1. Taking segment 3-20 as the region of interest, how many residues are surrounded by 10 or more Cβ atoms within 10 Å (Cβ to Cβ) and either touching a strand residue (DSSP E or B) at 6+ places or on another chain (Cβ under 8 Å) or assigned to a loop (DSSP other than H, G, I, E, B) (or both)?
2. What tally of residues in segment 27-54 results from selecting those that are exposed (fewer than 11 other Cβ atoms within 10 Å of the Cβ), at negative phi and not in a strand (DSSP E or B)?
3. Can you tell me which residue within segment 58-86, out of those that are more than 21 Å from the chain's Cα centre (by Cα) and outside any loop (DSSP other than H, G, I, E, B), is farthest from residue 29 (Cα to Cα)?
4. Yes or no: segment 95-106 includes at least one residue that is surrounded by fewer than 15 Cβ atoms within 10 Å (Cβ to Cβ), out of contact with any helix residue (DSSP H, G or I) (no Cβ under 6 Å at 6 or more places or on another chain) and farther than 27 Å from residue 158 by Cβ.
5. Out of curiosity, is residue 158 buried (at least 19 other Cβ atoms within 10 Å of the Cβ) and at pLDDT 85 or above?
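The values are calculated or read from the model by the stated rules, or taken from the named source; none is laboratory data. Note that this is a predicted model, so its numbers are computed, not measured. Here the Cβ positions follow ideal geometry from the backbone for every residue, glycine too, while neighbour counts run over all protein chains shown.
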């Protein structure tokens, strides 16, 4: 038989080894990475899946690689034309380099927000109020580019920055409403004038057509009688032939010429 003492030591060693393996076993999800330090120095980035961590010698800092959404509370800033406004923004960010996110920054999430706020004030100060209201996507893209450039050394990628709400002073809101109303009234008057011009042009063309074909006037009169007769009313229309109108016009011209001839010439002294 073997030595019982040696057997006991072997069993204890196996048990300790099994315990060490169990204590060293770690599992990282697909969206996680573990930044492992050995005796204070960076050793490796582990995960996803199973990996081992030596107890009391190695420790880890786990980072989530999923996209995070951070809502920035309303920030008051001044535009280039000296209008105070409040802007709420939303930031989409994710960690692309876990090692730099742990070593280069103590709190990268807060750092990204502060950089975005600084960039927001700087960019808004370079644009007028009209630009901020009309070109929000362009301004947001500019803020996103500046923020991403500043956070790149920290291993953070700023995927998107969007302005969620823009608050302007109440007095400015009233002025903008009056301006919009004036523009709508101007557009309405222009459309009405254009319609009247088109109607006058069409009436002139119709008159020229009737003058070229006098029978067209008779047809128009007959059509008007038909339209009036189709309605239930007590209106009576007496139509006179166009010859009577022409004859009356001729008689008027003759009488006017005779009155001119009968007028005595002034005496000369």
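1. First pass over segment 3-20, keeping only residues surrounded by 10 or more Cβ atoms within 10 Å (Cβ to Cβ): 7-20.
With the extra rule that they be either touching a strand residue (DSSP E or B) at 6+ places or on another chain (Cβ under 8 Å) or assigned to a loop (DSSP other than H, G, I, E, B) (or both), the set shrinks to none.
Count: 0.
2. Of the residues in that region, 1 qualify.
3. Among those residues, the one meeting the criterion is 58.
4. No, there is no match, as no residue in segment 95-106 is surrounded by fewer than 15 Cβ atoms within 10 Å (Cβ to Cβ), out of contact with any helix residue (DSSP H, G or I) (no Cβ under 6 Å at 6 or more places or on another chain) and farther than 27 Å from residue 158 by Cβ.
5. On the way: buried (at least 19 other Cβ atoms within 10 Å of the Cβ): yes; at pLDDT 85 or above: yes.
Spelling it out, residue 158 is indeed buried (at least 19 other Cβ atoms within 10 Å of the Cβ) and at pLDDT 85 or above.
Okay, residues lined up against (1) under 26 Å from residue 148 (Cα atoms); (2) touching a strand residue (DSSP E or B) at 6+ places or on another chain (Cβ under 6 Å):
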| residue | (1), (2) |
| --- | --- |
| 23 | no, no |
| 26 | no, yes |
| 88 | yes, yes |
| 95 | yes, yes |
